[in-house]
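The values are calculated or read from the model by the stated rules, or taken from the named source; none is laboratory data. Computed from a predicted model, the values in this text were never measured in an experiment. Glycine also receives a Cβ, built like all others from the backbone with ideal geometry; neighbour counts cover every protein chain displayed.
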Amino acid sequence: MFEIRIHSRGGQGGVTAARLLALAAFRDGKFATACPFYGAERRGAPVVSFVRIDDKPIKVYSQIRTPDLVVVLDTSVMDVVDVLQGLKDGGKVLLNATHGGDLKGHKTYVVDLTGIALKQNLVVAGSPILNTPVLGALAKIGIISPESAKISISEMFSDERNVRAAEAAYEELVE
C-alpha cells in the first residue's frame, strides 16, 4: 500500500486534491481512499488529507502516520507542523516552492504550484487553487498516469484551465 499525506491550508484545495488523486488512481485500475482531517477550521488554517493507493481493496480509513510521500501545498505550514513526522525511510516530499531545501535527506520534488495557478487565473477568494496543478506533479512522480489525472480533473471541473495547470506542473516539476 502506498500512503500519501497532504498538508495544506483551508481553501487551497488540499482536500479536493486528495479526492482527485484517489479518483485518478481508481482510473489507473488501483484501489484508493481519500480522507481529510480537519475540525472547525477556517480558510487559511492548516488542513491534512490522506490518500491510500493499493492493488487490493483497502480496509483502513484513518489518518496516515507513516506516509511514503508527503505533499506540502503551503510551505508556511512547515512553521507550525512537522510535515516530515513519521515519513518512512526512503520517503519522498513534494513541495510547492520555487526552490528546494535539505529535508533530512528525503528525496524532494519541487514545483511552483502557486505560480502555475496564478498564471492560469485559478483563484478563489484571493487564494490560488492548487488541487489541479498538484495532480500533474504527482503524475510526473509516477503516482498516477498523466491520462488519468487529466480525465479525473475534467470530470470534476469543466474549465480547461485546470487541465492546463496540471500539464504545466507536470512539465515544470524539478527533482
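Quick check: is even one residue across the stretch 32-50 in contact with an Asp or Glu (Cβ under 8 Å, 6 or more places away or on another chain), of a type in the set (A, V, I, L, M), surrounded by 13 or more Cβ atoms within 10 Å (Cβ to Cβ) and under 19 Å from Ala169 (Cβ atoms)?
As a first pass, look at the stretch 32-50 and keep what is in contact with an Asp or Glu (Cβ under 8 Å, 6 or more places away or on another chain): 32, 47, 50.
After this cut, where a residue has to be of a type in the set (A, V, I, L, M) as well, the list is 32, 47.
This time we only want the ones that are surrounded by 13 or more Cβ atoms within 10 Å (Cβ to Cβ), so: 32, 47.
Remaining after also requiring under 19 Å from Ala169 (Cβ atoms): none.
No, the stretch 32-50 contains no residue that is in contact with an Asp or Glu (Cβ under 8 Å, 6 or more places away or on another chain), of a type in the set (A, V, I, L, M), surrounded by 13 or more Cβ atoms within 10 Å (Cβ to Cβ) and under 19 Å from Ala169 (Cβ atoms).
Checking the structure you have, find out if any residue of the stretch 150-159 is touching a strand residue (DSSP E or B) at 6+ places or on another chain (Cβ under 9 Å) and either among the aromatic types (Phe, Trp, Tyr) or farther than 17 Å from Ala32 by Cα (or both). Lay out the reasoning, then the answer.
Keep residues of the stretch 150-159 that are touching a strand residue (DSSP E or B) at 6+ places or on another chain (Cβ under 9 Å), which gives none.
Taking every residue of the stretch 150-159 in turn, none turns out to be touching a strand residue (DSSP E or B) at 6+ places or on another chain (Cβ under 9 Å) and either among the aromatic types (Phe, Trp, Tyr) or farther than 17 Å from Ala32 by Cα (or both).
So if I check each of Asp89, Asp28, which one is of a type outside the set (Gly, Ala, Ser) and closer than 14 Å to Ile144 by Cβ? Before the answer, list the steps.
On the way: Asp89 fails: closer than 14 Å to Ile144 by Cβ.
On inspection, the qualifying residue turns out to be Asp28.
Starting from residues that are touching a helix residue (DSSP H, G or I) at 6+ places or on another chain (Cβ under 7 Å) and not in a loop (DSSP other than H, G, I, E, B), keep the ones in the stretch 58-91 and report whichever is surrounded by the most Cβ atoms within 10 Å (Cβ to Cβ).
Of the residues in the stretch 58-91, the ones touching a helix residue (DSSP H, G or I) at 6+ places or on another chain (Cβ under 7 Å) are 71-73, 83.
With the extra rule that they be not in a loop (DSSP other than H, G, I, E, B), the set shrinks to 71-72.
Details: Val71: 30, Val72: 24.
So the residue we want is Val71.
Restricting to the stretch 153-175, name every residue that is small (Gly, Ala, Ser) and not in a helix (DSSP H, G or I).
The first filter runs over the stretch 153-175 and keeps only residues small (Gly, Ala, Ser), leaving 154, 158, 165-166, 168-169.
Once the filter is applied, which keeps residues that are small (Gly, Ala, Ser) and not in a helix (DSSP H, G or I), the stretch 153-175 yields only Ser158.
Please specify each residue of the stretch 110-148 satisfying the condition of being more than 17 Å from Gly11 (Cβ to Cβ), outside any helix (DSSP H, G or I) and out of contact with any helix residue (DSSP H, G or I) (no Cβ under 6 Å at 6 or more places or on another chain).
Within the stretch 110-148, Val110, Asp112, Gly142, Ile143, Ser145 meet the criteria.
Is it the case that some residue within the stretch 14-26 is over 20 Å from Ile143 (Cα atoms) and buried (at least 21 other Cβ atoms within 10 Å of the Cβ)? Break it down into steps so the answer makes sense when it comes.
Applying the first criterion (over 20 Å from Ile143 (Cα atoms)) to the stretch 14-26 yields none.
Looking for residues that are over 20 Å from Ile143 (Cα atoms) and buried (at least 21 other Cβ atoms within 10 Å of the Cβ), one finds none in the stretch 14-26, hence no.
Condition first: closer than 18 Å to Leu135 by Cα and free of Cβ contacts under 8 Å to residues at least 40 places away in the same chain. Can you find one or more residues in the stretch 69-90 that meet it?
Step one: filter the stretch 69-90 for residues closer than 18 Å to Leu135 by Cα, giving 69-75.
Restricting the remaining residues to those that are free of Cβ contacts under 8 Å to residues at least 40 places away in the same chain gives 75.
The answer is yes, given that some residue of the stretch 69-90 is closer than 18 Å to Leu135 by Cα and free of Cβ contacts under 8 Å to residues at least 40 places away in the same chain.
List pairs: first in the stretch 37-56 and acidic (Asp, Glu) and assigned to a strand (DSSP E or B), second surrounded by 12 or more Cβ atoms within 10 Å (Cβ to Cβ) and modelled with pLDDT of 75 or more, Cβ under 8 Å, 6+ apart or cross-chain?
What qualifies is Asp54/Met1; Asp54/Phe2; Asp54/Lys30; Asp54/Phe31; Asp54/Ala32.
Output yes when any residue across the stretch 139-151 is among the charged types (D, E, K, R) and within 27 Å of Gly44 (Cβ to Cβ), and no when none is. Steps first, please.
So in the stretch 139-151, the residues among the charged types (D, E, K, R) come out as 140, 147, 150.
Still in the running and within 27 Å of Gly44 (Cβ to Cβ): none.
No, the conditions are met nowhere in the stretch 139-151.
So Thr33 clears everything in (1) within 20 Å of Pro146 (Cα to Cα); (2) part of a helix (DSSP H, G or I); (3) hydroxyl-bearing (Ser, Thr, Tyr); (4) in contact with a strand residue (DSSP E or B) (Cβ under 8 Å, 6 or more places away or on another chain) except one condition, right? Which one?
Answer for Thr33: the failing condition is (2).
For the stretch 121-155, give me each residue that is in contact (Cβ under 8 Å) with a residue 40 or more places away in the chain, over 15 Å from Val93 (Cα atoms) and surrounded by 18 or more Cβ atoms within 10 Å (Cβ to Cβ).
Matches in the stretch 121-155: Leu122, Ser127, Pro128, Ile129, Leu130, Asn131, Thr132, Ile144, Ser148, Ala149, Ser152, Ile153.
So, Arg19, is that one in a strand (DSSP E or B), at pLDDT 95 or above and among the charged types (D, E, K, R) or not? Let's see the steps before the verdict.
Details: in a strand (DSSP E or B): no; at pLDDT 95 or above: yes; among the charged types (D, E, K, R): yes.
No.
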